[in-house]
Amino acid sequence: MHGPGSAAWLLVALCAATGAYCLLRMRSGVEEQRRTAGSEALMGFGMALMAIPAAVITPPRAAWALYAVVFGAAALRALWASRSSAHHLHHLVGTFAMAYMAVGMAAAPSGHAGHEGAGAPLVTGLLLLYFAGYVLWSGARLVPVATAGGGPPASGWGDRPELARACRLSMGIGMVAMLLTM
């Protein structure tokens, strides 16, 4: 996951800011939005931790194993939740990708992927294709469209769908960047 220093710090900042906004979204009045925001906050903060440059801190293999367990459990939760909503399938792919990267980092000889690569190239390639497609799709959804009803604006930070989409787009971009360095 560790690329050039300035790019890595930008990725850390992007993912941490996304995680922080997702925590704000957890204040929504809609239970499903709160649950989704919690999952996305875990992803944002987890991505921020994984993107910290290796020159600053190199976590021990046990930390990568812990990440793999946490995101593996999150993947199982997303699999269970996908029975009621197709959106959770995206969470399933995201949490699987995080667990996959953590396992790859734990298996890497130096404890960080760097240029020697970690993980199976086919799986990494498939995840890259998925997230690149997701970034393009979610970016296109951010293009403003005329509203037909002109209803009242959302009342709080947790109920702003355009900000939630931007949050997901940011995490998708971060995931592409992290997978590229595997």
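For A62 and R141 in one chain, what is 0.36 nm times their gap in residues minus the Cα-Cα distance, to one decimal in nm?
Fully extending the segment from A62 to R141 adds 24.5 nm.
Quick one: Karplus J couplings for the stretch 68-84, per residue in order, coefficients 6.51, -1.76, 1.60, θ = phi - 60°, nearest Hz, x for Gly and Pro?
Once rounded to whole Hz, the list reads 4, 5, 4, 6, x, 5, 5, 5, 5, 5, 5, 4, 5, 6, 5, 5, 9.
Between beta-carbons, use under 12 Å as the cut-off and find the net charge around G19, counting Lys and Arg +1, Asp and Glu -1. Display every interim value, and only then the final one.
On the way: positive: R25; negative: E40.
Spelling it out: positives minus negatives among the neighbours equals 0.
Taking a 1.4 Å probe, which of S28, S84, S170 shows the most accessible area, and what order do the others take after it? Before the final figure, lay out the partial values.
Details: S28 5, S84 100, S170 25 Å².
Largest to smallest exposure gives the sequence S84, S170, S28.
The values are calculated or read from the model by the stated rules, or taken from the named source; none is laboratory data. A quick note: this is a predicted structure, and the numbers were derived from the prediction, not measured. A quick note on method: Cβ atoms are made from the backbone with ideal geometry, for glycine too, and the neighbour counts reach across all protein chains shown. In case anyone asks, the SASA skips ligands and DNA or RNA and just uses the protein heavy atoms, side chains included. Shrake-Rupley method; radii C 1.70, N 1.55, O 1.52, S 1.80 Å.
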